[in-house]
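Participant: If you scroll down you'll find the structure; I have some questions about it.
The values are calculated or read from the model by the stated rules, or taken from the named source; none is laboratory data. Worth saying up front: this structure is predicted, and the values here are computed from it rather than measured. As a convention, Cβ positions derive from the backbone with ideal geometry for all residues, glycine included, and neighbour counts pool all protein chains shown.
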Amino acid sequence: AIPVRSSRLPLLSDAMPAPAHLFPLIRNSEIGRICSTVCYCHHKHLCCLSHFAHSHFRYAPQRKFAALCKPKENFNQFIHARDYASTPQRFYLTPPQVNSILKANEYSFKVPEFDGKNVSSVLGFDSNQLPANAPIEDRRSAATCLQTRGMLLGVFDGHAGCACAQAVSERLFYYIAVSLLPHETLLEIENAVESGRALLPILQWHKHPNDYFSKEASKLYFNSLRTYWQELIDLNSGETTDVKEALINAFKRLDNDISLEAQVGDPNSFLNYLVLRVAFSGATACVAHVDGVDLHVANTGDSRAMLGVQEEDGSWSAVNLSYDHNAQNEHEVERVKMEHPKSEEKSLVKQDRLLGLLMPFRAFGDVKFKWSIELQKRVVESGPDQLNDNEYTKFIPPNYHTPPYLTAEPEVIHHKLRPQDKFLVLATDGLWETMHRQDVARIVGEYLTGVHHQQPIAVGGYKVTLGQMHGLLTERRARISSVFEDQNAATHLIRHAVGNNEFGTVDHERLSKMLSLPEELARMYRDDITIIVVQFNSHVVGACQNEEL
Amino acid sequence: AARMFLRLLSDVRWRAANPRWRRMTTCSRRSTSSTAEPHPLSLPAQAQVVICGGGIMGTSVAYHLSKLGWKDIVLLEQGRLAAGTTRFCAGIVSTARPVSIELKMADYSNKLYQQLEQETGIKTGYMKTGSISLAQTQDRLISLKRIASSLNVMGIPCEIITPKQVAQLHPLINIHDLVGAMYVPEDALVSSADVSLALATAASRNGVQIHERTSVSHVLVQKGRVTGVETDRGQISCQYFVNCAGQWAYELGHSGEEQVSIPVHACEHFYLLTYPLKEPLASSVPTIVDPDGRIYIRNWQGGILSGGFEKNPKPLFTEGRNQLEIQHLQEDWDHFEPLLSALLRRMPGLEALQIMQLVNCPETFTPDMRCIMGESPTVRGYFVLAGMNSAGISYGGGAGKYLAEWMVNGYPSENVWPLDLKRFGTLQSSRTFLRHRVMEVMPLICDLKVPRWDFQTGRQLRTSPLYDRLDAQGARWMEKHGFERVKYFVPPGKDLLDLDQSKTFYKPDWFDIVGSEVKCCKEAVCVIDMSSFTKFEISSTGDQALESLQYLFSNDLDVPVGHVVHTGMLNEQGGYENDCSIARLNKRSFFMISPTDQQVHCWAWLKNHLPSDSNLTVEDVTWKYTALNLIGPRAVDVLSELSYAPVTPEHFPSLFCKEMSVGYANGIRVMSITHTGEPGFVLYIPIEYALHVYNEVMNMGQKYGIRNAGYYALRSLRIEKFFAFWGQDLDAFTTPMECGREFQVKLEKGMEFIGQEALLEQKQNGVYKRFTMFILEDHDTDMDLWPWWGEPIFRNGRYVGKTTSSAYSYTLERHVCLGFVHHFDEKTGEELVVTTDFINQGDYEINIAGQRFQAKAKLYPFSSLFTHRRRKDEMELSGYQRE
């Protein structure tokens, strides 16, 4: 039937007829059925969610993601071609069309300079995302902490819908910022809220216009956050806030709030449904906090943070700043097994998935893996009809004996920045499953420095014709020119991730095919990709380092 | 790889042909293997001339000097003869050059090389193949037509052909994207190294001593004169030194204590060699130049040789390097890719042709794409010939000839000011400037050359103190001698085209802007910043200043204090070395204003001709004064309100100079001249007052409708008034008699002056050319190609001369061209005297890119057209109108 999780179907030289064969198998609502019988499917994070996802995507307000796929008319043309599969019709996106798709979500932020100087250790960042799901389930956030120093950046990979990733992307940084605030500032803020005065701004967001915040839930979210800082005030330990601890507390607290909000419900039916959707869907999070030379990465799930390091000889290498929480991580498998009775050892991890279902071993939301069966049943039954009708929410994972099986607690890695640390890449697994981190480091490094290591060609004694040489040179030039098409490192990385051929160069034809896949098919060839590339200011880092010495 | 290429080049045969030289260098040839071995033949202790550099330039200079009768010449080459750029260059002799002096040099070179084999017995590989320059666009075709029309009047066969004809002339060419081409059938190919060796052989036979493997470390100078050279093999004392060191000319110029600035910089240049085609290319197949594809393609031993001038050149040797590295330069295929694509587009049939080598051969470039020749302004007897902008073979013969004439006769037989070293000063000698500028110059070789092109690199070096103020008001800038000058002011809210799109041979986008500036000059008052003009002060304790100036200048300078005199600074032939305005500040001191690019040349001329008298001082005060030119009928009102001094014509007639206060600033030198023929003043303001005076003028001028104007307006005004400018219309071969300026010559001023005899003779015998103004009759400003300069002039259908400048006259609503009319005998071609009748009795046409426009010739400016009657200088104008 349908290929399993490796998910990237070989892209045939003529992509058009190939999907045409597959297409009838997986049309729309059929997907859910197929999936539930086959048991896992192309939605790799969590199987059997498609139906759930599809059913509410239809009503999701954010249809604009679909609108991103610009060559909509082309899809129609394609679907037309499918009907007459015997006469396959080729079409390619032109380079400008490709670019408009790739660049639709790109965003750049440059840390402003004062007196011609930027005293921050961060020069700025580029971010971008390319949807494969419709709508995209990835989210990203970036903000500067205004009451403490430092900058927060994060990528969030949702599964079973985008609700949880959306909520986490809106809320997590506030939880972190609040966790970092000193007692006096917390008091000041609380007093301001109490007396209705203007609140000190906590975060300055750096958002792409497509990154939205939910207006309806803001009051609810704010109240939860306020409860959190009130508790912090009460708990005042008098100790200075440790960043690592703050990150862990913020992650756990937010996940806890998501769970509680779903259990309590909301009198407003829209909100009630929303908090349930948030709790029943899930999201991984990979968040970096940069303050001077102190870089903390808190990771929950299988997104990844990677540091780009320039060696003395100018070459690039990659340093991992996070551990994936999935079946490939032995420590993670061990941890899960430790937390549950030995009798469950066999059923805990099956087909590289938690309980045979979930790929990431840590995540926000996903109350199906956290709540007791009774709680789940109670909430679903008392919940709105949409929830009740949903196959997925009613489905209890097999061998579900000793919840919780899942946690949102992050692993935090602290790194002291050095002058050779040039950039940080945060990306969802959509990137990492197509590219090796070493290639990522090289491509971004060369993009940022504008230097491309290509061996010069020498004819030497070989027999080469003008035509052969021309072909070779054109290909080499294409490799370089793809750099100049992009003003954004994340876009450049996506171009490579999607368009790379076996030689590691961007193949326009491939890129064009990958991007022109219809919504229903895109997810079979690629995952949502979200990337943030943070560029460090080596001068400042070097200066800070000297100061500390 | 380089070795393989060297072997492929034709053998060095000339030693066998010249037994005498063989004797001299038997050991030097052995020393190839062991350099420590001493030379058997020691250097002479002295010589009249020492030439440094054994490439095409050095050997050509030696050849021509010896032909002109100078025998005591030593040529030194640090490596082997013809081993540098000369060895590696592509060997194309092409006469299709846009600048007329370059065209003449190339034409002479071609004729010289053609008979060189016969003269010397040495094979030069000369092959008359012809060349075809392709046009992919209409604009390119226009530029080719312009060149073709100037080639034709020179007597060089040349025709504009259709793409079909191109295909007939060349078997491999793809013509589908062509709109036309220019065919020059007499262009040729040579083996450049062999040409150089042939010239050396001939020179050697005439007595020139040639020493290889001898490098000049520096030139010895005493009291501003060359006295000898120091080499690694000892000293040679000499009177003349010639720097033909090619890309090392800059370093050599800077090696001595007395530095000579030679602004050249090298860039890498690539060309491709292939194995022969299956059906080897005939040796007579024309050379193809495809400027739009930036490439040239010539036949090479049955295969092809193709190179080009890329958009992103790679400058090298910025820090100066050892010459040996020239052989170890890397091939860079990625860099060559655009040129290879252009080649395969032009000749798709070459796909299967096998590559032999990509040659990296550095070429030397100059800041303005013209070569450099002449005597150093600082060291007498120090001559230079370098910076060929990759046309060394085309120019080699002619350039060597002109330089030899210059040394022997004091000046070449043609006007070489466009190539004169003295057009540059030390300000063009910064390595950073040169590096940036040559990166712009090299691509320009293939770029479309349109009128009024300005270099974009190496700018904002010299600026007026008002630069920022003017820039903020929409000034658009051009550069002259490193100085930023305003072209025109773009009014707020109005946008002009991008630089690239504004390139045109037709009506430019600034037409209306300049028109309104001109209108304001005519009706109200405009201010133009003219600070770039060269300004000298000459003063003495006694009468020395007056006496020496009376000798240097043709007009009578013994005028009352406060008078301004327009006068030429002439050479012995009566030709203009400079055209100046001189104000007598007091009995013993003079203030002299000359064109911007005269700064170095005029200084050198004064230094060479003024007596070395400690009581006589000459000071360059260019940088001390900001000049504001107030042009227009209301200038009087503005100035009088600012100075509280009477400045009406009765009190301040034209051609006077007064020091007065303007606003709060005192000591402003005000002259009642405008360089345009319009009423007005030039204010010479000590620079610290510049901003103040400018602000005062603009504030006060508001009620009189004052506005800023630029040089384009000035040019239109002066050309419609028939004012000649030095450097464009006037040169060292033009006398005041020939341009209607006899009134500026006082033959009977009671003192001898330079050029007096020549002028007297002309006065008696008449002139052989005459500066004439042409008004285009049937020219449509909107639709037709605009004249520029260099357009051939036809009288009754026969070629009589070329235009030197042109502008649209907003007053006449016609184009005005200025140019010289000759009288060539119909049968012999001999030059005859040009009379007023000859001018007046002809029907004239101006040929703009092959299209002829009827023109009305005038010897005197319109006076009735200009409503504002002038004061004294108008009397002068009318004075010579009665002539």
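Participant: Find the residue count for the range B:181-221, including only residues that are in a strand (DSSP E or B) and closer than 30 Å to B:SER131 by Cβ.
Facilitator: The initial filter retains those residues of the range B:181-221 that are in a strand (DSSP E or B), namely B:181-184, B:188-189, B:209-211, B:216-221.
From what is left, the residues that are closer than 30 Å to B:SER131 by Cβ are B:181-184, B:188-189.
So the count comes out to 6.
Participant: Which condition breaks for B:GLU310 when tested against (1) within 14 Å of another protein chain (Cβ to nearest Cβ); (2) buried (at least 19 other Cβ atoms within 10 Å of the Cβ); (3) out of contact with any His (no Cβ under 8 Å at 6 or more places or on another chain)?
Facilitator: With respect to (1) within 14 Å of another protein chain (Cβ to nearest Cβ); (2) buried (at least 19 other Cβ atoms within 10 Å of the Cβ); (3) out of contact with any His (no Cβ under 8 Å at 6 or more places or on another chain), B:GLU310 is out only on (3).
Participant: Separate question: Please indicate, with yes or no, whether at least one residue in the range B:52-73 is charged (D, E, K, R), under 24 Å from B:PHE365 (Cα atoms) and more than 27 Å from the chain's Cα centre (by Cα).
Facilitator: The initial filter retains those residues of the range B:52-73 that are charged (D, E, K, R), namely B:67, B:71-72.
Next, only the ones that are under 24 Å from B:PHE365 (Cα atoms) stay: none.
For the range B:52-73, residues charged (D, E, K, R), under 24 Å from B:PHE365 (Cα atoms) and more than 27 Å from the chain's Cα centre (by Cα): absent.
Participant: Quickly run through the range B:584-612 and pick out the residues that are crowded, with 18+ Cβ neighbours inside 10 Å and either without any contact (Cβ under 8 Å) to a residue 12 or more places away in the chain or of a type in the set (Ser, Thr, Tyr) (or both).
Facilitator: B:SER594, B:THR596
Participant: Looking at (1) crowded, with 24+ Cβ neighbours inside 10 Å; (2) at pLDDT 95 or above; (3) under 30 Å from B:LEU448 (Cα atoms), which is the one condition that is false for B:ALA62?
Facilitator: With respect to (1) crowded, with 24+ Cβ neighbours inside 10 Å; (2) at pLDDT 95 or above; (3) under 30 Å from B:LEU448 (Cα atoms), B:ALA62 is out only on (3).
Participant: Please identify the pairs in which a residue from the range A:326-355 that is on the phi > 0 side of the Ramachandran plot has its Cβ atom under 9 Å from the Cβ atom of a residue that is of a type in the set (Val, Ile, Thr), counting only partners at least 6 apart or on another chain.
Facilitator: If the second residue must be of a type in the set (Val, Ile, Thr), the pairs left are A:GLN351/A:VAL4; A:LEU355/A:VAL349.
Participant: A:MET306 versus (1) buried (at least 17 other Cβ atoms within 10 Å of the Cβ); (2) farther than 23 Å from A:PHE125 by Cβ; (3) in contact (Cβ under 8 Å) with a residue 40 or more places away in the chain: which is the lone unmet condition?
Facilitator: Condition (2) is where A:MET306 drops out.
Participant: Within the range B:724-746, can one find any residue that is modelled with pLDDT under 95, in contact with a helix residue (DSSP H, G or I) (Cβ under 8 Å, 6 or more places away or on another chain), surrounded by fewer than 16 Cβ atoms within 10 Å (Cβ to Cβ) and part of a loop (DSSP other than H, G, I, E, B)?
Facilitator: There is no residue in the range B:724-746 that is modelled with pLDDT under 95, in contact with a helix residue (DSSP H, G or I) (Cβ under 8 Å, 6 or more places away or on another chain), surrounded by fewer than 16 Cβ atoms within 10 Å (Cβ to Cβ) and part of a loop (DSSP other than H, G, I, E, B).
Conditions tested, residue by residue: (1) part of a helix (DSSP H, G or I); (2) under 26 Å from B:ARG707 (Cβ atoms).
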{"site": "B:GLN428", "(1), (2)": "yes, no"}
{"site": "B:PHE433", "(1), (2)": "yes, no"}
{"site": "B:ARG437", "(1), (2)": "yes, no"}
{"site": "B:LEU448", "(1), (2)": "no, no"}
{"site": "B:ARG452", "(1), (2)": "no, yes"}
{"site": "B:ARG469", "(1), (2)": "yes, yes"}
{"site": "B:LYS494", "(1), (2)": "no, yes"}
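Participant: Then there's this: So, in the range A:213-267, of the ones that are under 21 Å from the mean Cα position of the chain (by Cα) and either exposed (fewer than 13 other Cβ atoms within 10 Å of the Cβ) or hydrophobic (A, V, I, L, M, F, W, C) (or both), which residue ends up modelled with the lowest pLDDT?
Facilitator: Looking at residues that are under 21 Å from the mean Cα position of the chain (by Cα) and either exposed (fewer than 13 other Cβ atoms within 10 Å of the Cβ) or hydrophobic (A, V, I, L, M, F, W, C) (or both), I get A:PHE213.
Participant: Next up: Applying the selection to the range A:459-504, what residues are assigned to a loop (DSSP other than H, G, I, E, B), modelled with pLDDT under 75 and within 14 Å of chain B (Cβ to nearest Cβ)?
Facilitator: A:GLY460, A:GLY461
Participant: Additional query: Just need a number here: residues in the range A:401-433 that are crowded, with 17+ Cβ neighbours inside 10 Å and either at pLDDT below 90 or out of contact with any strand residue (DSSP E or B) (no Cβ under 9 Å at 6 or more places or on another chain) (or both).
Facilitator: So the answer is 2.
Participant: Return yes when A:ARG437 is at pLDDT 90 or above and under 18 Å from the mean Cα position of the chain (by Cα) and no when it is not.
Facilitator: Details: at pLDDT 90 or above: yes; under 18 Å from the mean Cα position of the chain (by Cα): yes.
It is true that A:ARG437 is at pLDDT 90 or above and under 18 Å from the mean Cα position of the chain (by Cα).
Participant: For the range A:310-328, enumerate the residues that are surrounded by 19 or more Cβ atoms within 10 Å (Cβ to Cβ) and of a type outside the set (Asp, Glu).
Facilitator: If the condition is that a residue be surrounded by 19 or more Cβ atoms within 10 Å (Cβ to Cβ) and of a type outside the set (Asp, Glu), then A:GLN310, A:TRP316, A:ALA318, A:LEU321, A:SER322, A:HIS325, A:ASN326, A:ALA327 are the ones that fit.
Participant: Sort out which residues of the range B:123-170 are among the basic types (Lys, Arg) and either surrounded by fewer than 19 Cβ atoms within 10 Å (Cβ to Cβ) or more than 26 Å from the chain's Cα centre (by Cα) (or both), and write them in order of number.
Facilitator: Of the residues in the range B:123-170, the ones among the basic types (Lys, Arg) are B:123, B:128, B:140, B:145-146, B:164.
Passing the criteria: B:LYS123, B:LYS128, B:LYS164.
Participant: If you don't mind, another one. Does the range B:354-369 contain any residue that is aliphatic (A, V, I, L, M) and more than 14 Å from chain A (Cβ to nearest Cβ)?
Facilitator: Within the range B:354-369, the subset aliphatic (A, V, I, L, M) is B:355-356, B:358-359, B:369.
Pick out the ones that are also more than 14 Å from chain A (Cβ to nearest Cβ) and you get B:369.
Scanning the range B:354-369, I find at least one residue that is aliphatic (A, V, I, L, M) and more than 14 Å from chain A (Cβ to nearest Cβ), so the answer is yes.
Here is a yes/no grid of residues against (1) surrounded by 20 or more Cβ atoms within 10 Å (Cβ to Cβ); (2) out of contact with any Asp or Glu (no Cβ under 8 Å at 6 or more places or on another chain):
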residue: B:ARG205; (1), (2): no, yes
residue: B:VAL221; (1), (2): yes, no
residue: B:THR231; (1), (2): yes, yes
residue: B:GLY234; (1), (2): no, yes
residue: B:SER237; (1), (2): no, yes
residue: B:GLU251; (1), (2): no, yes
residue: B:SER255; (1), (2): no, yes
residue: B:PRO263; (1), (2): yes, yes
residue: B:LYS278; (1), (2): no, yes
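Participant: Just need a number here: residues in the range B:265-276 that are buried (at least 22 other Cβ atoms within 10 Å of the Cβ) and in a loop (DSSP other than H, G, I, E, B).
Facilitator: 1
Participant: Mind listing whichever residues of the range B:263-284 are away from chain A (no Cβ under 14 Å) and closer than 30 Å to B:HIS436 by Cα?
Facilitator: B:PRO263, B:VAL264, B:HIS265, B:ALA266, B:CYS267, B:HIS269
Participant: Of all strands (runs of 3 or more DSSP E) completely enclosed by the range B:302-416, which ones contain at least 1 residues that are touching a residue at least 24 places away in the same chain (Cβ under 8 Å) and over 23 Å from B:ALA188 (Cβ atoms)? Outline the logic, then answer.
Facilitator: On the way: elements: B:303-308, B:355-360, B:363-365, B:372-375, B:382-386.
Qualifying strands (runs of 3 or more DSSP E): B:355-360, B:363-365, B:372-375, B:382-386.
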